[in-house]
Each structure stands twice: as structure tokens, then as C-alpha cells.
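The values are calculated or read from the model by the stated rules, or taken from the named source; none is laboratory data. Here the structure is a predicted model, which is why all the values come from computation and not from measurement. Note that each Cβ is placed from the backbone with ideal geometry, even for glycine, and that neighbours are counted across all protein chains shown.
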Amino acid sequence: MNRRILRNKGYLYVTEFFAGMSVMAVELGASRLLAPYFSSSQIVWTIIIGTIMIAMALGNLYGGRKADQNPDPDKLYARIIVAACWIALIPAVGKYVILAVSGLLIFTINSNYLVVAAFVACMLVFVFPLFLLGTVTPSLVKFTVESLDEGGSVVGKLNAANTIGSILGTFLPTFVTIPAVGTAITFLLFSGVLLVLCLLYFVSPRVQGNDSEGRAEERSESGLKETAEGEPEEKGGKETEEKQDVEPKEQKPEKRKGKTSESDAKNKLRITLGIVIFAACCVFGHESSFAFWQEDLTYEGESVYNYLQVYEDDQKAVLSTNVLFGVQSVYRKEKSLTGMYYDYAMAAPLMAGARAKDSTDILILGMGTGTFATQCHRYFDGIHVEGVEIDEKITDLAHEYFALSEDTKVTTYDGRAYLAADKGKYDVIMVDAYQDITIPFQMSSVEFFTMVRDHLKEDGVMVVNMNMRGQKEGNINEYLSDTIAGVFDSVYTADVKGSTNRELFACCGSDIGERMQKALESYSDTDLTEDDAQLIAMMQRVEGELVEYEGGSYILTDDKAPVELLGMQVIDDLIRDEVSYYKDIYQQDGLKGLLEVL
């Protein structure tokens with residue numbers, strides 16, 4: 001018995017198309033689901049791609065074997081229903097699984113936390129549905145190839161359908177669905193497409209015909225096999241024919257009819273359960289909240305590049321692009337200094353002689369919410385600030401929640417690409433593009449810092465915010481500092497108290513420390529405003545923290561910049577320090593003791 005919808009092989013190609021589309025959509029959705037917890041670094045992408053390839057390979061093997069054992073399209077579409085339901089469940093339960101894995105592993109492993117946690121989470125959440133979708137191609141080959149003469153053509157068409165679907169599954173989530181409706185609904189959309197595909201198949205009535213299942217049974221029962229030319233030849237001779245004549249053929253339709261009725265009942269149950277699960281996920285799993293334990297967020301959403309959340313109260317507004325690794329920006333509504341890294345970074349305009357100039361040009365690569373720009377405008381006269389920010393949504397949030405002036409020019413672009421196209425010269429260039437635990441390699445190399453130096457005026461100063469302090473020799477900050485020291489004549493660093501940030505100041509020609517001292521001395525014979533007094537106090541703190549840096553041999557280049565692995569080492573150190581107290585309790589008193597403390 002065949003289904004009417006399969007009388008035209010086109011539906012099988014449609015199935016291959018949407019299967020390929022869904023695989024890529026889930027892969028991209030996986031990166032967005034994991035990014036708020038583990039970053040979107042090359043390491044995380046490697047884990048996602050690797051685990052998905054494992055799932056697809058195993059699915060290919062399993063699907064091919066099952067297609068040979070029982071070439072029934074019902075089995076394939078039943079597996080697709082299960083895959084669709086699993087994908088629909090991901091936005092509902094996936095983040096809880098990720099958080100549970102993170103919480104468990106953070107107390108049980110001492111190194112490579114990011115790799116292990118991301119890998120385990122990816123295996124638990126994404127491997128099974130993609131394993132099932134991996135069974136599609138070998139199964140469809142079995143259903144569509146009728147002879148060796150057309151095998152190559154049919155397989156080529158199936159692969160083409162899968163590839164075209166994969167292309168659309170790559171572009172649609174990135175440029176359409178995720179920015180428009182978010183990651184959660186993106187999962188639901190592609191799950192719904194698979195479910196509709198299966199629904200159309202199962203509601204199609206059965207008709208008499210020699211489908212792939214019938215042909216396989218007939219070949220088995222009649223003892224026929226295909227020759228290399230595609231023509232059947234006898235396998236059992238007269239003896240086989242006599243056995244066929246003896247066999248009561250009138251019983252065969254009754255036997256098949258009973259199996260068909262039982263199979264149809266199971267299929268109705270599967271499609272019903274699939275619809276119920278999908279409907280439940282649409283109700284309970286459409287929320288896009290990643291920090292689901294927080295109920296006081298002012299804003300939570302997604303952009304092409306980031307998960308974004310804004311927390312706001314009467315005193316401050318806070319931006320974070322993750323839920324596990326700190327915050328990215330804090331704006332004090334009373335417009336006071338925050339004591340955070342952008343206050344330290346205001347030493348750069350002083351070092352560049354802003355107080356003695358009528359106009360000071362500042363370029364910020366990684367504008368973010370613009371707190372540094374806002375602070376500079378308040379505490380210095382004649383400041384002209386331009387910013388470069390790759391995520392336009394962050395710029396929108398900066399105007400809405402962080403008091404960034406509409407007069408401040410912000411270009412939506414990659415920082416290095418902007419420098420390559422820009423011909424301007426600046427008194428200060430701030431590099432603040434090292435977001436969360438992710439450092440773009442193209443903005444960490446000798447070639448990049450050489451471009452920055454070439455865009456500075458003769459007395460210009462570069463300031464770099466390095467947001468992870470390494471403790472071991474050869475850590476990420478040592479690599480960055482050595483790289484910068486190979487380009488600039490004078491390099492100083494200052495650790496930001498109460499955080500993991502370190503500010504690096506660099507210039508060519510004169511000494512950074514001497515510049516800072518002269519800048520502070522310029523305030524001594526003038527009438528100080530309240531803002532001046534605040535700034536001087538802050539800058540005196542920075543001067544006390546300044547340490548001259550002597551360059552070493554740890555150099556990053558465009559060809560070799562392993563920033564992801566270096567960053568991961570720092571994460572291990574940070575986690576080890578933060579949870580050491582709780583780890584001791586866990587090791588001494590076990591899970592019960594830990595729960596009592598928490």
C-alpha cells in the first residue's frame with residue numbers, strides 16, 4: 001500500500017529540502033541559545049558544529065540500515081514527528097538543561113569548563129533531533145531509487161534539495177526570524193514546518209500500488225533480483241514458481257490490511273501527540289527570556305549579534321549581553337563617576353593634552369552604550385567623539401536607556417574594517433571591543449594595533465579595555481600587552497579595583513607616566529569646579545595604579561591569534577576563584593551540605 005502523496009516523487013524532494021533547512025536552522029538556533037551562557041566564540045561554534053556532524057553521521061548510518069530492513073515511508077515520517085516535537089521543546093526546556101549542566105559542572109571540574117559544559121549541553125539538547133533528521137537522506141534514497149540506471153540522478157537531486165534547503169536555513173534565522181521574533185519562536189517555526197510536512201503525509205490516503213515497500217516484499221517473495229542492467233532475473237527457478245503457486249494468494253491482502261489498520265492507528269496517535277506537544281510548546285515555550293530567574297528586567301531581547309538585557313533602577317542602568325559572566329556597561333543616572341573602567345579610561349584624554357587643546361578628537365571602537373563618551377563630554381571641554389559599534393541594537397538601547405546624546409556620531413560597522421576605510425587622525429582611540437569572554441582575533445593582532453597607531457595624532461594615546469585578568473604566565477592579557485608593546489614606545493597598565501578589568505595606555509614618543517603627571521599638575525593653579533574635583537580624585541587613583549609594562553615575546557598576529565583558548569584559561573581561573581568556597585563545602589559535605597548553604 002502506498003500513499004497518494006508519494007505517487008509523485010516531488011514530495012520526497014520537498015521532505016529533503018525542509019529537512020536540510022531545519023538542520024541548519026537548529027544549528028544557528030543552538031549558537032544563540034548557548035551564547036548567553038558560554039559566549040559565541042570560535043570554541044563554542046566548534047562544539048556546535050562538531051556535535052551536529054556526529055549526530056548527522058550516526059543518523060545517516062541508522063537511517064540507511066533501517067531503510068534496508070523496513071523500507072516503509074511511514075517509519076521515516078514518524079521519526080520526523082519526534083524530531084519536530086523535540087525541536088519545539090528546546091525553547092521550553094533547553095535553557096533549564098543548560099543551566100543545570102553549568103551548575104553541576106562548575107563544582108565538579110577544574111579546567112576547560114567552557115568546553116566541557118558547552119559540549120555536554122549541546123549533546124543533551126541538540127544531538128537527538130538532528131540524529132533523527134540525519135536518517136532522512138538515506139531513507140529517501142531507498143524510497144526514490146527504482147533502478148541502478150537512475151540512482152546517480154536521483155541521489156544528485158536529493159542532495160541538491162538538501163543543500164538548497166540548508167542555504168535558506170542558514171540565511172532565514174540569521175537575517176529574518178531571530179532578529180524579528182527571537183530564538184525561541186525560530187525553533188517553533190521550523191518545528192512547525194516539519195510537523196506540517198508529516199501531517200500532510202499521514203492524512204494522505206493509502207492507495208494500491210507498487211511502492212518501495214511493496215516492491216521490496218515482492219522481490220523477496222518471488223525470489224527475483226535486479227541485474228546490473230536493471231532487469232529482473234529468476235532466482236529460484238521452477239521450484240520457486242511451484243511454491244508461489246501453492247501459496248494461497250488470497251490471504252495476503254487480508255494480512256496486509258490488518259497490519260495497515262494497526263499502523264494507521266499508531267500514526268494517528270503520533271500525529272495527535274505531536275500536535276498536542278507543539279501546541280503546548282507554543283504556549284509555554286515562546287518566551288525569549290534567558291535570565292528566566294530575573295523578573296525585574298527593563299528590557300530583554302536579541303539582535304543579529306547578541307542577546308541583550310537592560311536592568312534599570314532609580315540610580316543606574318546596566319547592560320549585559322550574557323547571563324553568566326558579568327555586565328558590560330553601567331550608567332549612573334546622577335551622572336557621577338562609577339569607579340568602573342571607563343572612569344579609568346578618562347586618563348587617556350588627559351594624557352593626550354585635552355586640557356590644553358581647543359578640540360580633542362576621540363574615536364571609540366566598540367561604542368557599546370556610550371558611557372565613556374558621555375563621561376568625556378561631561379568632564380572635558382571641546383570634546384568631539386565618534387563611535388563604531390557593530391550591533392545597531394546596542395546603539396538604540398544606548399540612546400533609550402543610557403543617555404547617549406543623539407549628536408554623538410555612531411557608525412554601525414566592524415572596528416577594524418572602519419579603521420581600514422577611515423582616513424582621520426585622532427587624539428585618543430579607545431579599543432573596547434573585547435565583549436564578555438569573547439575577543440575578536442582581528443582586533444588583537446600586531447596588524448590591528450599598527451593601524452590604530454597610524455590613526456593617532458603625533459601626541460595621541462590609545463587606551464584598551466582588557467576585561468579578563470590572567471594569573472598564569474602567557475595569559476591573554478600578557479599576549480595583548482606584549483603585542484601592543486611591540487607597536488608602541490610607551491605602555492602602562494592599571495588594574496580596575498573591584499573588577500577583572502585592566503586598562504592599558506599606549507603612545508609613541510614621550511612616556512605615558514610623565515604625561516599623566518603633567519596633566520594632573522595643570523589643575524593646581526586653577527579654580528576647580530565640583531566636576532574637576534571629582535575627576536582629579538579619580539585620576540589620582542589611576543596614577544597610583546599605573547605600572548609601566550615591559551614587552552615580551554607573546555605576540556599575536558593575524559595568522560596566529562589563539563584568543564579563544566587564552567580566554568578560556570582565564571575563565572577557568574575566574575570560576576575557580578569565585579566558587580572555591582562552595583567547592584570546599586561540596587567536597588566535604590556533598591550535595592546536601594551545598595544545598596544547605598545555598
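Odds and ends about this structure:
- Screening the candidates Arg79, Arg65 for the property of being in contact with a Ser or Thr (Cβ under 7 Å, 6 or more places away or on another chain) and assigned by TED's automatic domain parsing to the domain that holds Leu124 yields one hit, Arg79.
- Close pairs from segment 1-29: first over 15 Å from Phe131 (Cα atoms), partner of a type in the set (Lys, Arg) and in a helix (DSSP H, G or I), Cβ under 7 Å, at least 6 apart: Met1/Arg256; Tyr13/Lys157
- Condition met for Ala55 (closer than 30 Å to Asp264 by Cα, part of a helix (DSSP H, G or I) and among the hydrophobic types (A, V, I, L, M, F, W, C)): yes
- Here Arg416 does not fit the description of being part of a helix (DSSP H, G or I) and more than 28 Å from the chain's Cα centre (by Cα).
- Considering Ile90, Ile164, Ile98, the condition of being in a helix (DSSP H, G or I), in the same structural domain as Ser22 (by TED's automatic domain parsing) and under 18 Å from Ser191 (Cβ atoms) is satisfied by Ile90 alone.
- The one condition in (1) under 17 Å from Ser191 (Cβ atoms); (2) surrounded by fewer than 23 Cβ atoms within 10 Å (Cβ to Cβ); (3) not charged (D, E, K, R) that Gly169 fails to fulfil: (2)
- Filtering Ile98, Ile80 for residues that are over 30 Å from Tyr434 (Cα atoms) and surrounded by 24 or more Cβ atoms within 10 Å (Cβ to Cβ) leaves a single hit, Ile80.
- Subset of segment 101-137 that is surrounded by 16 or more Cβ atoms within 10 Å (Cβ to Cβ) and of a type in the set (Gly, Ala, Ser) - its residue that is modelled with the highest pLDDT: Gly134
- Tyr479 being within 30 Å of Trp45 (Cα to Cα) and touching a Leu at 6+ places or on another chain (Cβ under 6 Å): yes
- Scanning segment 359-394 for residues that are more than 33 Å from the chain's Cα centre (by Cα) and either among the aromatic types (Phe, Trp, Tyr) or at negative phi (or both) turns up Ser359, Thr360, Asp361, Cys376, His377, Arg378, Tyr379, Phe380, Asp381, Ile383, His384.
- When each of Phe128, Phe171 is tested for being in contact (Cβ under 8 Å) with a residue 60 or more places away in the chain and either outside any helix (DSSP H, G or I) or of a type outside the set (Val, Ile, Thr) (or both), the lone residue that passes is Phe128.
- For segment 336-358, the criterion of a residue being buried (at least 21 other Cβ atoms within 10 Å of the Cβ), assigned to a strand (DSSP E or B) and in contact with a Lys or Arg (Cβ under 7 Å, 6 or more places away or on another chain) is satisfied by no position.
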